[in-house]
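First the structure, in the form of structure tokens, and then the observations on it.
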Amino acid sequence: MKKVKDFFQDDGPLANIIAGYKVREPQVELAQAVAKAIENKSALIAEAGTGTGKTFAYLIPALLSKKKVIISTGTKNLQEQLYSKDLPLIKNAVDKTQDTALLKGRANYLCIHRLRLNGGEHMRLEKETLNEYSIIKKWSLTTQSGDISEVSSLPDNAKVIPLVTSTVDNCLGKDCSDYQDCYLMKARKKAMEADVIVVNHHLFFADLALKESGFGELIPEVDLIVFDEAHLIPDIASEYFGEAISSRQLDDLLNDLSKQQRVSLKDADQIQQVADKTRQLIADLRLAFEQDPKRGDWDEALEKRNLLPLMSNIDGQLTQLLSVLNVHSGRDKDIDQYAEKLLGLAETFKRLMQTKTPDVSYWYETTRKHIVLHITPLSIAEKFRKIVEKSDAAWVFTSATLSVNGSFDHYQQLMGLEKASHLEMGSPFNYDSQAMLCVPRYLPEPNDRKMSTHLVEIAIRLIDASKGRIFLLFTSHHMMREVARRVREQTEHKILVQGESTKTSILSRFKAEPETALFATGAFWEGVDVKGDALLCVLIDKLPFASPDDPLLQARIKDCRNKGGNPFASIQIPQAVITLKQGAGRLIRDSEDKGVLVICDNRLLTKQYGQTFVASLPDMRRTRSIDKVCDFLKDISI
């Protein structure tokens, strides 16, 4: 503990590597709490307000402990930053000999087998995809890591990527002829041998779910597990502790099966015939729903859309295909692997025809071309509690947004961490002098038709006063597009709108082009860091309650009511508070920043629960006057 504290002193190692370093007591306190958790092999929940420096607060005791460590981040971008920037800096100050590794999910690594498998399909590829394939093929001759992100000329959503990377369903594992040269296996082997492994939450829980089934060994046994951006874990863990099957997943597997049959079992045409018929029926399942993407209750859809006959037909075709594959068992190891994967998907498919299992939610979501069917547990608490208690490691959960009105009860109950110690570290920033909170007067109710007109008027005034340096965050795409369209007609400032380009591109333009306003929804509520004068104002259109027609939320609300609880107080308000804190956290990112948070929802003042939201926000100066807000913005935008 003393070694950790000394590291942060004015004359300590951290001061030697950071210019202008100043001791931040909240950071030291958090670091000591992490060190104590490591020493006691216990669980710690720590909320660290913006500016605390939580990354160094857990990295330093983690590296000083000389233990084996996993650090899991909320996003791949944060994962890259942590591994490439923060970790090397601290490693050089603590112990340069400690071995570190960055591990991504399998979809990030080139699959040599699939590159070759799809190489013979040139005539079937669109021109754009064929060009992308050529770029990948050329890069594959020189890459050492096989990490697709090295190919900077490819967009994130390039159509070729699923063709040259593997999934759990189409990976051949140890039976693959390219197993010894597999980039994923090399990355995994390096991670298994490293002292510090940096992953992301999706990868961590994907492997944890596989371990629970007795298959996965991706994440080795460790002494310390740190979750950064830990507020994201409940939803991600629910996804991986449940089951899901998509039309795309089945289509890709059947397509791969047909390709392999044409290569290695040319006398087994029946495989392709049955596979093609199955693919057509799966396409019919998607066509049974509207074209526009939506989510819904799967049990309800089965009945209202009369889908059981179609589901039975698909089930019958899958059974027939498995029988045909069984006849050819042992003739080709790749086809045997596909048959094994198909068997697992067929079993999940059967479970989706029997929707009466308690404590789970059956729901669906559609995209333009595909449908995903989910079986999701309503609570992960019991399962995750057992994992933590069974483990011999220390567990640290940290984020800027874990508490609700000073309490961690909501998060602890969600995660089954009732026995964990917890710590709330306020931000070192002086919000009272740096920031202002405004709930404008004379607002209609949030769902009133006149609301968009009020938002347009307020937005134009704020954009002009801040000279465009503003985030306008919305809870719905429809309202975002409507307000952005009308504001564009009435202002000369540049307007950027989420969806009109990639998130990375839009954020880069916002930072690079002065006097630019950014309209966005959920993707920009968190994980976005704009320091200094580039961002002076954040407008939030209304309190971010989850959509009431979200099927998983509906199931949790129903379950809570059945158990005698109050779902609004115990589920909906805490979730909305944490989301609001994330959105508000975009405003003040540095000790020199100044700005205004405008929340256009009078429920903050008219409803009793509004005080829970206000009490969970930083202690800013308050006003209801847009005139005062504009004066403040004009003063700080000079």
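The values are calculated or read from the model by the stated rules, or taken from the named source; none is laboratory data. Not measured: the values here are computed from a predicted model. A quick note on method: Cβ atoms are made from the backbone with ideal geometry, for glycine too, and the neighbour counts reach across all protein chains shown.
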Report summary line: Result of the Cβ filter at 7 Å on the stretch 584-612, keeping first residues that are aromatic (Phe, Trp, Tyr) and partners that are surrounded by 15 or more Cβ atoms within 10 Å (Cβ to Cβ), at least 6 apart or interchain, is 609/573
Query raised in the report: Could you give every pair whose Cβ atoms fall below 6 Å, whose first residue belongs to the stretch 450-474 and is in the same structural domain as residue 546 (by TED's automatic domain parsing) and touching a residue at least 60 places away in the same chain (Cβ under 8 Å), and whose second residue is among the basic types (Lys, Arg) and outside any helix (DSSP H, G or I), counting only separations of at least 6 or pairs across chains?
Result: 471/586
Query raised in the report: What is the one condition in (1) without any contact (Cβ under 8 Å) to a residue 24 or more places away in the chain; (2) in contact with a strand residue (DSSP E or B) (Cβ under 7 Å, 6 or more places away or on another chain) that residue 571 does not satisfy?
Result: (2)
Query raised in the report: Mind checking whether some residue in the stretch 227-235 is modelled with pLDDT of 90 or more, assigned to a strand (DSSP E or B) and surrounded by 17 or more Cβ atoms within 10 Å (Cβ to Cβ)?
Result: yes
Query raised in the report: Restricting to the stretch 144-192, what's the tally of residues that are in a helix (DSSP H, G or I) and either without any contact (Cβ under 8 Å) to a residue 24 or more places away in the chain or among the β-branched types (Val, Ile, Thr) (or both)?
Result: 9
Report task. Go through the stretch 35-143 and tell me which helices (runs of 4 or more DSSP H), entirely inside it, have 2 or more residues that are within 29 Å of residue 176 (Cα to Cα) and within 29 Å of the chain's Cα centre (by Cα). Result -> 112-117, 127-140
Report summary line: Output for Cβ contacts, cut-off 6 Å, separation at least six or different chains, first residue over 23 Å from residue 294 (Cβ atoms) in the stretch 368-394, second of a type in the set (Val, Ile, Thr), reads 393/222; 393/225; 394/38
Query - Residue within the stretch 133-144 that is at pLDDT 90 or above, surrounded by 15 or more Cβ atoms within 10 Å (Cβ to Cβ) and touching a strand residue (DSSP E or B) at 6+ places or on another chain (Cβ under 8 Å) present - result: no
Report summary line: Counting only strands (runs of 3 or more DSSP E) entirely within the stretch 407-497, those with at least 1 residues that are closer than 27 Å to residue 547 by Cα and modelled with pLDDT of 95 or more are 435-438, 470-473, 494-497
Query - Sole residue being in a helix (DSSP H, G or I) and without any contact (Cβ under 8 Å) to a residue 40 or more places away in the chain, chosen from 280, 354 - result: 280
**Report entry** Total residues in the stretch 388-402, condition surrounded by fewer than 17 Cβ atoms within 10 Å (Cβ to Cβ) and either in a helix (DSSP H, G or I) or touching a Lys or Arg at 6+ places or on another chain (Cβ under 7 Å) (or both)
**Finding:** 3
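Counting only residues that are out of contact with any Pro (no Cβ under 8 Å at 6 or more places or on another chain) and either acidic (Asp, Glu) or in contact (Cβ under 8 Å) with a residue 40 or more places away in the chain (or both), how many does the stretch 286-300 have?
Total satisfying the criteria: 9.
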Query raised in the report: If you check every pair at least six apart or on different chains, which have Cβ atoms under 7 Å apart with a residue in the stretch 44-61 that is assigned by TED's automatic domain parsing to the domain that holds residue 616 first and a residue that is surrounded by 24 or more Cβ atoms within 10 Å (Cβ to Cβ) second?
Result: none
Report task. Find the residue count for the stretch 592-638, including only residues that are more than 18 Å from residue 434 (Cβ to Cβ), assigned to a loop (DSSP other than H, G, I, E, B) and of a type in the set (A, V, I, L, M, F, W, C). Result -> 1
Report summary line: Within the stretch 301-335, restricting to residues that are in contact (Cβ under 8 Å) with a residue 40 or more places away in the chain and not aliphatic (A, V, I, L, M), the one that is surrounded by the most Cβ atoms within 10 Å (Cβ to Cβ) is 334
